[in-house]
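What follows is a set of notes on a single structure, which appears directly below.
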Amino acid sequence: MIECGIPIKEIKKGCGFALSEMRACLLTHSHKDHSKAAQDVLSVGIDLYCSEGTAQACALTGHRVHIIRALKQFRVGAWIILPFDAKHDADEPLSFLIANGNEKLLFATDTLYVPYRFKGLTSVMLECNYSLDTLDENIMAGYVDQSRRSRLLESHMSLEQCKNTLLANDLSNVQEIHLLHLSSQNADAERFKQEIQRLVGLPVYIAGQPI
């Protein structure tokens with residue numbers, strides 16, 4: 001499982017009430033929309049992997065809390081996981097490269113950019129929070145204030161940067177792309193999907209609902 005920012009009852013429902021089969025939860029950072037159920041995840045016997053900064057910010061303790069560090073690879077069952085730095089306004093946030101045999105997933109959300117380039121990816125889950133033109137239109141209309149704009153520009157990935165990130169990586173084996181963490185104010189899901197599909201020529205999906 002990646003992230004646990006929804007109530008534990010929804011997590012149970014989403015996995016068909018088979019939590020006993022869950023080996024681990026990877027947590028990128030401490031913000032509640034990602035970590036809300038972290039304590040509950042631990043209480044039902046699932047090991048949780050996160051940075052020391054995230055563990056401290058969420059007050060996570062116990063033998064099921066595993067502290068991981070950027071660029072220090074580890075294994076959970078058949079999965080090989082490489083955490084790497086994310087650029088976000090949280091304590092020691094991480095993104096993940098997750099591999100199992102020939103499958104290789106890039107998971108990066110709540111980050112201004114991805115600082116590394118990867119080969120052999122088969123799936124991509126990438127933040128696409130806002131577009132600069134829509135954000136500026138909302139500033140002009142008074143829907144978004146300057147402090148909010150500044151935070152977005154410093155800690156979230158734009159449509160433009162999402163495109164640059166995809167083009168900078170090896171997409172030759174990628175089967176699908178999932179766009180994450182779209183803003184309800186500053187993003188247009190259908191536009192983002194169509195633009196990314198035209199750019200990379202791959203199936204693109206919007207993960208969840210805009211927030």
Lone cysteines, the chain (no partner Cβ under 4.7 Å): CYS4, CYS15, CYS25, CYS50, CYS58
Excluding residues fewer than 8 positions from LYS12 in its own chain, the lysines with Cα under 24 Å of it are LYS32, LYS36
Anchor LYS9: aspartates and glutamates whose Cα lies under 12 Å away (excluding residues fewer than 8 positions away in-chain): ASP40
Cα centroid distance between the range 123-149 and the range 152-174, in Å? 15
Area projected by the alpha carbon convex hull of the range 93-135, averaged over all directions, nm²: 3.7
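Between HIS63 and GLN175, take the C-beta separation as r, use R0 = 35 Å, and let me know the FRET efficiency to the nearest 0.05.
Computed FRET efficiency for HIS63 and GLN175: 0.40.
Using 0.36 nm per residue of separation minus the Cα-Cα distance, give me the extension gain between GLN73 and SER123 in nm, one decimal.
16.1 nm
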Once you have the Cα-Cα distance between GLN197 and PHE17, take 0.36 nm times their residue separation minus that, and quote the gain in nm to one decimal. 61.3 nm
Which of the lysines could a cross-linker bridge to LYS119, judged by Cα under 26 Å and excluding same-chain residues fewer than eight apart? LYS72, LYS87, LYS104, LYS163, LYS193
List ARG151, ARG64 from most exposed to least, where exposure is judged by having the fewest other Cβ atoms within 10 Å. ARG151, ARG64
Using only Cα atoms, tell me the angle between helix 159-168 and the longest principal axis of the chain; keep it within 0 to 90° and round to the nearest 10. 70
Which order do the peptides 128-136, 199-207, 54-62 come out in when sorted by mean C-beta neighbours inside 10 angstrom, highest first? 128-136, 54-62, 199-207
P(r) tail fraction, the range 102-211 - alpha-carbon pairs more than 23 Å apart, %: 25
Kirkwood Rh, Cα atoms: Rg over Rh of the range 136-200: 1.02
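Since every read-out is calculated from the coordinates, none of them should be taken as a lab result. What you see is a predicted model, and the numbers here were worked out from it, not measured in a lab. Quick reminder, even Gly has a Cβ in these numbers, built from the backbone with ideal geometry, and neighbours come from all protein chains shown.
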